[in-house]
Amino acid sequence: MTQVGDGAEWRVDPAGRHQYRLWDGQRWADWVADHGQVAFEPYVATVARRPMAYPPPGERRPRRKRLWVVPIVAVLFIVGLVALALTVHDTIDELTAAQQQHAITKPQFDSVQLRISPASLIQQVHKTPENAQRYVTQGLVDQAEINTSCVYYNWVGKKFGVSRFQFCFEGNVLTSKDAYS
């Protein structure tokens, strides 16, 4: 930039059409210069603004606010939760139905007398025992807790696997019974 006098100076042409344009200290003048040659070109303000690359190099384009995404994501999340809840509810109903096939009440348990056979036990309670491996497979009971000479019944109205009745046999004779709650 070169001083001309009275605040005037040569500056880079804001329109980008020439190397320099004269700035008179208050506005752009009509004088331009290229490679040391001075010429006259009327200054037009609309020409003075060279379109800038958008976004400027090295900057990121500002993101548009996508507020419409928020309600859609919220609706999808709620639909997913409802679907999950219905699936879990159906699964719980299935487990409850399966448990009921092998469940007895506390009075039924209390009425069973020792020294009966496994067949007599089934006749008395009107149910077959639960497969003890289901307790182990579902991680409710450790394998070491299951006695192979025993049979198990679910406790009506209690949590599966945790609350149960155990009937143990020696040979073909019921020798002990326990309730776990």
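The values are calculated or read from the model by the stated rules, or taken from the named source; none is laboratory data. A quick note: this is a predicted structure, and the numbers were derived from the prediction, not measured. So basically every Cβ, Gly included, is an ideal-geometry build from the backbone, and we count neighbours across all protein chains shown.
Points to keep in mind about this one:
- Which numbered condition GLU170 misses (of (1) at pLDDT 85 or above; (2) in contact with a Phe, Trp or Tyr (Cβ under 6 Å, 6 or more places away or on another chain); (3) among the charged types (D, E, K, R)): (2)
- Set LYS127, LYS159: member being at pLDDT below 80, part of a loop (DSSP other than H, G, I, E, B) and under 19 Å from GLN101 (Cα atoms): LYS159
- Every residue from region 11-25 that is modelled with pLDDT of 85 or more and either more than 60 Å from the chain's Cα centre (by Cα) or assigned to a strand (DSSP E or B) (or both): ARG11, VAL12, TYR20, ARG21, LEU22, TRP23, ASP24
- Residue match in region 137-155 (condition: closer than 21 Å to GLN100 by Cβ and assigned to a helix (DSSP H, G or I)): yes
- Taking every residue in region 93-111 that is surrounded by 10 or more Cβ atoms within 10 Å (Cβ to Cβ) and pairing it with any residue that is at pLDDT 75 or above and part of a helix (DSSP H, G or I), at least 6 positions away or on another chain, the pairs with Cβ-Cβ distances below 7 Å are ILE104/VAL125; GLN108/VAL125.
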